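The values are calculated or read from the model by the stated rules, or taken from the named source; none is laboratory data. Just so you know, these numbers come straight off a predicted model, no measurement behind them. All Cβ positions, glycine included, derive from the backbone under ideal geometry; neighbour counts span all protein chains shown. The accessibility values were calculated without ligands, DNA or RNA, using every heavy atom of the protein model including side chains. Shrake-Rupley method; radii C 1.70, N 1.55, O 1.52, S 1.80 Å.
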Amino acid sequence: MLDDKIILGFETSCDETAIAIMKGDELLVNTISSQIDIHEKFGGVVPEVASRAHAEMIRNIFHSSLNNANLQISDIDIVSTTDGPGLVGSLVVGYNFAKSIAWSIDKPFFTVDHMVGHLAAPLIENKTMKPPFITLLVSGGHTQIVLVEEWGSYQLLGTTIDDAAGEAFDKLSRFCGFGFPGGPAIQKISEGGDPAKIELPRPKTKHEYNYSFSGLKTAATNFLNNLDIEDKVTRADFAASYQEAIVDSLLSNFVKAVNDTGVKSISGGGGVMANSRLREKMNIFAEEKELNIYLPTPKLSTDNAAMICVAAQNNLITNDMNIEDVRLSSIIT
Ligand code: KG4
Ligand code: ZN
């Protein structure tokens, strides 16, 4: 049904102005314009600054994406965009721009939940991923274990009760002056470090699948505040030990959920899934338990618009929707 349909996707929920175009299964362009340089000096994303930057960039990024795909605006068959969760000002820019494009060319307009986008991301490169599976969604704002019994049926098994995993990386990195965003900065510094050098907690919560990271962050900052000159701990050891504690915590609940439900396929998504240690441990677990594993590449784990395109496509396919039938109703909503 969607074999040759051209779908345009927008993702502007945080600090990336991202636009992708797919023709059926083929990813034609995946433009990601990051605002890291703009927010770096603040040590975190400033919402007002982010929405202004999206508004300034989006038109040019749209035109360059069309040019790179060798397409005219009239070639687009479907328009999709993230409608949340995320920074409201940033979302509004992408949503309104996408809807205006759909309206101007009289084509269907679909919205996609940002986390459903992350959940669908492995499909960009691997159409064999099929429910039932359990996915670990780990981003700057969310940490979720989701059981996908069938497409569209998403059962939240566990979530964080305080900080998200990405937030735990970002906040400690800001505290230590390691760089922004914190996840990639800590991963880089951890290279060559000893992950067992510093004893840090693996926090537990009352609910077996829920997460908590704020105590770990406090334990790490306390460790630094009480550090003795005699302690022979390098930056790499410290970063590696902190990363290991986050990865171990993520894995332990996830492994339990997979074992309890008995599913045979696992998956993941969100910016923290770009972490090489987390990917390594997910792969080892899958191999030991002989599970199918579907991880998006690191570039497709962090925010991008290709995941919005595939999630919209997947929704259309699994609901057997005819895009011409929904064209008028979707454009008005
Ligand atoms: O999904 P994402 O790109 O944006 C949100 O939806 O939040 O995730 C961003 C988060 C940030 O907290 C960032 O520090 C983290 O993902 N992240 C990483 C890595 N790359 C990005 N965390 C650990 N290791 C990485 N390599
Ligand atoms: Zn995200």
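Here are some notes:
- Hits in region 95-118 - residues which are within 17 Å of the chain's Cα centre (by Cα) and closer than 12 Å to residue 79 by Cβ: 111, 112
- Checked against (1) within 21 Å of residue 279 (Cα to Cα); (2) under 19 Å from the mean Cα position of the chain (by Cα), residue 155 passes all but condition (1).
- Residue in region 275-293 that is within 16 Å of ligand 2 (Cβ to nearest atom) and either open to solvent by 40 Å² or more (accessible area, probe 1.4 Å) or within 19 Å of residue 155 (Cα to Cα) (or both) present: no
- Each residue in region 146-177 was checked for being among the hydroxyl-bearing types (Ser, Thr, Tyr) and either in contact with a Pro (Cβ under 7 Å, 6 or more places away or on another chain) or more than 28 Å from residue 219 (Cβ to Cβ) (or both), and 2 of them qualify.
- Scan of region 179-192 for residues that are more than 15 Å from residue 39 (Cβ to Cβ) and of a type in the set (A, V, I, L, M, F, W, C), ordered by number: 186, 189
- Selection of first residues in region 122-141 that are at pLDDT 95 or above and away from ligand 1 (no atom under 13 Å from the Cβ) and of second residues that are of a type in the set (Phe, Trp, Tyr) and open to solvent by 10 Å² or more (accessible area, probe 1.4 Å), restricted to Cβ pairs under 7 Å at least 6 apart or on distinct chains, gives the following pairs, ordered by first then second residue: 122/294; 129/294; 131/151.
- Matching entry among 84, 89, 158, 94 (being crowded, with 19+ Cβ neighbours inside 10 Å and within 16 Å of ligand 1 (Cβ to nearest atom)): 94
- Qualifying residue in region 188-207 (condition: modelled with pLDDT under 95 and within 14 Å of ligand 1 (Cβ to nearest atom)): no
- Test result for residue 156, without any contact (Cβ under 8 Å) to a residue 24 or more places away in the chain and more than 27 Å from residue 5 (Cα to Cα): yes
- Per this entry, residue 70 is not counted among residues that are at pLDDT 95 or above, surrounded by 14 or more Cβ atoms within 10 Å (Cβ to Cβ) and outside any helix (DSSP H, G or I).
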